[in-house]
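Shown next, in structure tokens, is the structure this report addresses.
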Amino acid sequence: MRRQNFNNRLTSPVPKFDRLDSIVTQFLRAIRPSQPQLHPENVNTIVEEAVRFFTPEIQDRDIVVEQELRSDLPLLQTRS
């Protein structure tokens, strides 16, 4: 009886340590800076989307936005 009780005490913390290890590992993975996933993006597309997004604000304030887009610009490497 005594031996079984002793063995239970030794084995029961193992799942708790595994769980704690998993929590710490996930936490460290979350706070560690990771390599950004870059992909090429057309500058014109970014400008057009930004203007489209701000159109209600632009119109409310009677602002005139003129876009001069160029097709010869290199692609930007942007984050996903």
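Derivation of every value follows stated rules applied to the coordinates shown; laboratory data play no part. Just so we're clear, the structure is a prediction, and the values are computed from it rather than from any experiment. Counting neighbours? That spans all protein chains shown, and the Cβs are built from the backbone with ideal geometry, glycine included.
Overview of values
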quantity	calculated
Computed FRET value (nearest 0.05) for Glu49 with Gln26, which takes r as the C-beta separation and R₀ as 22 Å	0.05
Gain upon complete extension [Glu66, His39; 0.36 nm per residue less C-alpha separation]	7.0 nm
